[in-house]
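Visitor: My structure is below; once you've seen it, I'll send some questions.
Rule-based calculations on the coordinates, nothing more; no lab input. Here the structure is a predicted model, which is why all the values come from computation and not from measurement. Quick reminder, even Gly has a Cβ in these numbers, built from the backbone with ideal geometry, and neighbours come from all protein chains shown.
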Amino acid sequence: MPQKQLTALPTATDAADDDLLIKRDTSSGTDEKLPISVLRDPILDRANHTGTQPLSTISDAGTAAANDTTDFAQISGGSNANFTTMPQVGGAPIVESGSNSDGEWVRYADGTQSCRGVHTADITDINFWIATLPLPASYITLAGSVAFCCVNGDSSYWTDPDERRAYSHATMNSTGYMNLGLSIDVGSLFSGNAAISWHSYGKWF
Amino acid sequence: MQIKFLATGNSPTCYSISSEVITAFYNEASESFDLSALETNGKFTGVGVDTLSLNSQHIIRDAYRDDAGELHVTLCQAVGPGNWGESQEFDSSDYDPDVIHVEFKGAMAGTPWALTRRGKVNPETGEVI
């Protein structure tokens, strides 16, 4: 179709699904009809984030994934999720952890903290044991929880309650301390050390 | 006097040691603890804390006097993130309030530090954080 005839046509302002365009192969000079949806539908998918698209068009996360950097978490995990520095929330690290002479601790950016440790207690020939132990990291409030158990020693203490019976209690003492107590009211007394495994949970801010 | 340090969650900022009296400094306050009364084979039951806003177990954790009459004291040095262990025992004349005495065993999540008179010191860089 000559150029001068195209410019002479009226200008269309909309299109219907069944409208056709003329496609001319300039090398061969052949003409073909082209349904308008062939051009329109991919453009709509890109605009509406529908259909099948390249990842980089969906969001910035996709751009990061395409860049193959280690500063962005990826669902695939593995080495791609290896942060080079601890991510922060509001200027505070997402998580901090430590291990010191009094036990181990983990702090999260949302204020949650948990601690754990093992304390060796000599409970030879006693009916009652109580200790105030320092925590490896302080809490901001006493409104936390502490629990403990004996992880070794005379197993009959814990497996034969009719023969020997023991009660334990644990509380937060102050924000940096906890009280652990053990009372034994039935049966013969224990001789030796017991490993007291404890765990606490609360808030650090 | 022989001293060693435990790595703990809280502690005085630093100490000064004179004869068998240990003075702890914390939040611009100080308090002295005279351990001279501790006898050989005597049992250490803790120190009474009147001034510092610290529990006694975060200041002087333990003490004993050996058969030769020398005092051995376990003190505390506060640490942050990281894997920390206690120091070796050393003569109190070698105590330096500006250095990290507890053992740094490796990093965990977060920036490691230990409390000295200079402040919170990163054991990997030696810088105050």
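Visitor: Taking R0 as 41 Å, what FRET efficiency do you get between A:His199 and A:Thr50 from their Cβ-Cβ distance, rounded to the nearest 0.05?
Guide: With R0 = 41 Å, the Cβ-Cβ based efficiency is 0.25.
Visitor: Around A:Tyr108, under 12 Å between beta carbons, what's the net of Lys plus Arg minus Asp minus Glu among the other residues?
Guide: 0
Visitor: Taking amide H positions as placed in the peptide plane 1.01 Å from N, state which residues far from A:Asp19 in sequence (5 or more) or on other chains have amide H under 5 Å from it.
Guide: A:Ile36
Visitor: Taking θ as phi - 60°, what are the ³J(HN,Hα) couplings along region B:8-14 by the Karplus curve (6.51, -1.76, 1.60), each to the nearest whole Hz, with x for Gly and Pro?
Guide: Couplings: 10, x, 8, 5, x, 5, 6 Hz.
Visitor: Return the average number of partner chain Cβ atoms within 10 angstrom of each residue Cβ along peptide A:122-134.
Guide: 1
Visitor: Let's test the formula: R0 of 30 Å, r as the Cβ-Cβ distance of A:Ile140 and B:Ser56. What FRET efficiency results, to the nearest 0.05?
Guide: Between A:Ile140 and B:Ser56 the formula returns 0.90.
Visitor: So, one more: Peptide B:91-102: average number of partner chain Cβ atoms within 10 Å per residue?
Guide: 0
Visitor: Which distance in nm do the two modelled labels at B:Ala37 and B:Lys120 give, with both placed 7 Å along the Cα-to-Cβ direction?
Guide: Computed distance between label sites B:Ala37 and B:Lys120 equals 3.7 nm.
Visitor: Taking the Cα centre of region B:1-91 as origin, sum charge times position over the Cβ atoms of Lys and Arg (+1) and Asp and Glu (-1), and report the length of that vector in debye to the nearest 20.
Guide: The dipole of region B:1-91 has a size of about 280 debye.
Visitor: What is the mean number of Cβ atoms from other protein chains located within 10 Å of the Cβ atom of each residue in peptide A:89-101, rounded to a whole number?
Guide: 6
Visitor: May I ask you to derive the FRET efficiency for A:Phe83 and B:Asp91 from their Cβ-Cβ distance with R0 = 35 Å, giving the value to the nearest 0.05?
Guide: 0.20
Visitor: Please give the net charge around B:Trp84, taking every other residue with its beta carbon less than 14 angstrom from that of B:Trp84, where Lys and Arg add +1 and Asp and Glu add -1.
Guide: -3
Visitor: Non-local amide H neighbours of A:Tyr139 (under 5 Å, H modeled in plane, Pro and chain starts lacking H): which ones?
Guide: HN-HN under 5 Å from A:Tyr139: A:Gly176.
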